[in-house]
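Each remark here refers to the structure printed beneath this line.
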Amino acid sequence: MRFLFGHLLGINFFLSSVPASASLDCLMAEQGCIQEQSCMVLYRLLEYCAAEEAVSPLSPDARLECLDAQNSLQHYRPLQVCKCQRGSRREEHCLRVYWTVRFAAYDEYEVSPYEELELNLVRNIEMSRMASIMAASSLSVDGQNQCLKAAQDCGLYEKCGSLRSEYVVACTKRATASDNSCNRQKCHKALRRFLERVPEEYSFALLFCPCSDTLCGERRRKTIVPSCSYEENVKGEERVGKPNCLSLRNYCSRDELCRSRFADFQHNCQPSPLSASGCMRESRAMCLKAYAGLIGTIMTPNYVSNSSTEVSLWCTCDGSGNEWQGCQRILHIFSSNICLRNAISSMGISAPPPVENTPVPASQPSPHVYQERVHVSGNTLPEFNSVSALCFLALSPYARVRHLEQAELKMCLTAYQVVTPKYHRDCSRS
């Protein structure tokens, strides 16, 4: 290995001129590297290093060679600036590339490996409570269990209902006939599938529904089936205690997906006492999305009780010894995070807060008015997802706030002119 790397140091390979601000997919960056012999050999060496480290710690000499290879590969800029897409079909492969070239960066948690979301999507998330207007089947009533209502709305939307049923079955089914435990791996996979494929208008309504009583709070806390998604299995008559938070993080750091979601969470939920939102990056919506991204990993967080919106990991700092302070920092990322706390609390506000530096939009028609404009037969409702939310906004005064492109507006009008002819006429005149 030393002989091979010694030859590599004498090879000058192409240095890319990709600007630092460029956003490049890591799969494309990997392909570009493989096409260049000098880059490919260094990259394959780092792949070997990562695979060996995952099994057992490397020897000092082997680790030194791996670090030398990593330093040399820093000259190939595409691999240093590349990012990955959340929920994409090849997300895990992309993340493996991202962390391979960061072989020794086990504590690099403040930089997200994911591409930044477009502002339009951020606005859609921050206005997710508009789902209550679009779902004309049920009207909000004072004192109503909002978590129950969110579950009912989810059931009326086919994709949400089927994927929710899928993860509930996966998380409640016994692993074996003789064992009382579940298959946590299948449960996590089904939870991630639900959160990645169901529009935030529905998934966020389930996760962050505002509650005023413990019955609602219990439904909210049990949304992600805590008995399987993160609590330890029952052994005989005794329930196993909470794991140590440091052990949880160390396990997470050796899994590309968990490691990436945790880094994304810290990046987007970084608190700031000087910010109006409490978030360093001034977006509560991005914080909520990053928090939801942790669900379905070993670092799955949840509400600590049925009577509060405080969230935490299922872990403890008992037995941390001289690493107790480091362990407490992991807990405080969730329990004492003003950005996360404000983001969750904002879901219970009667009107979603506008995006920073954006004028407050005009008021919308009441659910009664909208219900008269949509022809509903039986229990069939118009399909509602992130695209239809955008279309609904395009057909309303929000369009002037959002500065929609004409192509987007035309697409929305074409799709909705049949069911909302009055909106179509009004928008065509504006």
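Taking amide H positions as placed in the peptide plane 1.01 Å from N, state which residues far from residue 114 in sequence (5 or more) or on other chains have amide H under 5 Å from it.
Amide H neighbours of residue 114, under 5 Å, 5+ apart: 84.
Report the convex hull volume per residue for the range 26-101, counting only C-alpha atoms, in Å³.
That works out to 82 Å³ per residue.
Restricting the calculation to Cα positions, tell me the Rg (one decimal) and the Dmax (whole number) of the range 64-114 in Å.
Cα-based Rg and Dmax for the range 64-114 come out at 11.5, 35 Å.
Using modelled amide H (1.01 Å from N, peptide plane; none on Pro or chain starts), what sits under 5 Å from the amide H of residue 316, excluding residues fewer than 5 places away?
Placed amide hydrogens put 244, 245 under 5 Å from residue 316.
List the pairs from 83/242; 83/159; 159/289; 159/242; 186/222; 222/242 whose alpha-carbon separation is above 27 Å, in the order I gave them.
Result: 83/242; 83/159; 159/242 exceed 27 Å.
Relative contact order for the range 26-101: what percent, with Cα pairs under 8 Å and sequence separation of 6 or more?
Contact order relative to length: 46 percent.
Excluding ligands and nucleic acids, what accessible area in Å² is computed for residue 169 using a 1.4 Å probe, to the nearest 10?
In the full protein context, residue 169 sits at about 90 Å².
Protein chains only, probe 1.4 Å: how do 93, 332 rank by accessible area, largest first?
332, 93
Give me the accessible area of residue 48, 1.4 Å probe, in Å² rounded to the nearest 10.
Using a 1.4 Å probe on the heavy atoms, I get roughly 120 Å².
Once you charge only the Cβ atoms, +1 for Lys and Arg and -1 for Asp and Glu, what is the size of the charge dipole of the range 26-101 about its Cα centre, to the nearest 20 debye?
Magnitude of the dipole: close to 440 debye.
Using the Cα centre of the range 172-231 as the reference point, and only Cβ charges (+1 on K/R, -1 on D/E), how large is the resulting charge dipole? Debye, rounded to the nearest 20.
Its charge dipole is roughly 320 debye.
The values are calculated or read from the model by the stated rules, or taken from the named source; none is laboratory data. Just so it is clear, the model here is predicted, and its values are computed rather than measured. Positions of Cβ are generated from backbone atoms using ideal geometry, with glycine treated the same way; all protein chains shown enter the neighbour counts. When the accessible area is computed, the model is the full protein with side chains, heavy atoms only, and any ligands, DNA or RNA have been set aside. Shrake-Rupley method; radii C 1.70, N 1.55, O 1.52, S 1.80 Å.
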